[in-house]
Amino acid sequence: MTDSRWKNLFLEVIGCLISAAGLYSFAVAAEVPVTGVAGIGAILYRLFGLPIGVTNILINVPIVLVCFRLLGKDFFLRSVRCMILFAVFTDFLLPALPVYTGNRMLATLCGGVISGIGDALIYMQNSSTGGLDFITMAIKAKHPHMPFGNLTFGAALAVILANGLVFHDVDSIIYGLIFNFLASYIINRMMFGFNACMVALIVTSDGPAICDMIGRTVDRGSTILKGFGGYAQDERDVVMCACSSKQLYIINREAKRLDPGSFIVMLQANEVAGEGFRRLELGGSGGAE
């Protein structure tokens, strides 16, 4: 979330619109199963013509009551707002606009990417459109180490299989898996990919000089760890620094210039939290309201 209430609200509205478009204009139009309660709503829409958005809100009531205490009042209020926005876009705005009626695989690919972008924007504002999102958010709040996109994908699997059984459409199961895999991948990349970075471990004889170089050239902090050579049995400094790929190239080049005998290990970090890196928080107040 940002520190601006209006910016957060704007991103929520955009996220709900994009998510609804991926669902209604691509997935539902191509009869591709989608995630969670929205997926149940899509099944009921195809069977009985019930509005997806309103159905989504009604099914959410017992789920919200179960997860309310764990996720907190502020998260609940933001999610109710998103559920209403999602219902308005799905039931009133998008039906008045053209939907994609082309190739089913293209609809699956485009819908998965679009839905993933919309859902990630919503989640990044510490909100959701309810349904199984509440359950996966609750699990994520209890177990922060679990990848959120994977939780979303797992929760969607039962609905995908149910869709295939109800409509006797085996192909829809395959399309649904592709759709939700793409959506989950995009969610993971957008929510945590922005905090992904590289980590440099520089074994050197002059740690303070390397730290000074890192601060001057890429404006990053670093930490000196004390090491002990296994072969030469001599003390060495191990400088650790989290940085971007571009900054890592500069650090590598300058470290070799300062200490030609240095040994550098470059690692990929999925997420970094701390000064200079934004941390995503789920549930609770989550920032400015």
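The values are calculated or read from the model by the stated rules, or taken from the named source; none is laboratory data. Worth saying up front: this structure is predicted, and the values here are computed from it rather than measured. Note that each Cβ is placed from the backbone with ideal geometry, even for glycine, and that neighbours are counted across all protein chains shown. Heads up: the accessible areas ignore ligands, DNA and RNA and are worked out on the full protein's heavy atoms, side chains in. Shrake-Rupley method; radii C 1.70, N 1.55, O 1.52, S 1.80 Å.
Pairing each residue of region 167-182 that is part of a helix (DSSP H, G or I) with any residue that is of a type in the set (D, E, K, R) and open to solvent by 60 Å² or more (accessible area, probe 1.4 Å), provided the two are 6+ apart or on different chains, yields C-beta distances under 8 Å for F167/E31; F167/R46; S172/E31. Taken as a whole, region 210-218 holds no residue that is part of a strand (DSSP E or B) and open to solvent by 60 Å² or more (accessible area, probe 1.4 Å). Exactly one condition in (1) assigned to a strand (DSSP E or B); (2) in contact (Cβ under 8 Å) with a residue 24 or more places away in the chain; (3) open to solvent by 40 Å² or more (accessible area, probe 1.4 Å) is false for V238; which is it? That leaves (3) as the condition not met. Given the condition buried (at least 21 other Cβ atoms within 10 Å of the Cβ), at pLDDT 95 or above and more than 26 Å from K73 (Cβ to Cβ), answer yes or no: does some residue in region 150-157 qualify? No: region 150-157 contains no residue that is buried (at least 21 other Cβ atoms within 10 Å of the Cβ), at pLDDT 95 or above and more than 26 Å from K73 (Cβ to Cβ).
Are any residues in region 43-65 touching a residue at least 24 places away in the same chain (Cβ under 8 Å), assigned to a helix (DSSP H, G or I) and open to solvent by 10 Å² or more (accessible area, probe 1.4 Å), and if so, which ones? I43, R46, L47, V54, I57, I59, I63, V64, listed by residue number. There is at least one residue in region 125-133 that is assigned to a helix (DSSP H, G or I), more than 30 Å from I251 (Cα to Cα) and modelled with pLDDT under 70.
Could you check region 219-235 and list, in sequence order, the residues that are of a type in the set (D, E) and either in a helix (DSSP H, G or I) or more than 31 Å from the chain's Cα centre (by Cα) (or both)? If the condition is that a residue be of a type in the set (D, E) and either in a helix (DSSP H, G or I) or more than 31 Å from the chain's Cα centre (by Cα) (or both), then D234, E235 are the ones that fit. Filtering region 66-108 to residues that are closer than 22 Å to L23 by Cα, among the aromatic types (F, W, Y) and open to solvent by 80 Å² or more (accessible area, probe 1.4 Å) leaves only F92.
Listed conditions (1) open to solvent by less than 10 Å² (accessible area, probe 1.4 Å); (2) among the aliphatic types (A, V, I, L, M); (3) out of contact with any Ser or Thr (no Cβ under 6 Å at 6 or more places or on another chain) are all met by A20, apart from (3). For V28, state whether it is open to solvent by 60 Å² or more (accessible area, probe 1.4 Å) and out of contact with any Leu (no Cβ under 9 Å at 6 or more places or on another chain). Against the criterion (open to solvent by 60 Å² or more (accessible area, probe 1.4 Å) and out of contact with any Leu (no Cβ under 9 Å at 6 or more places or on another chain)), V28 does not qualify.
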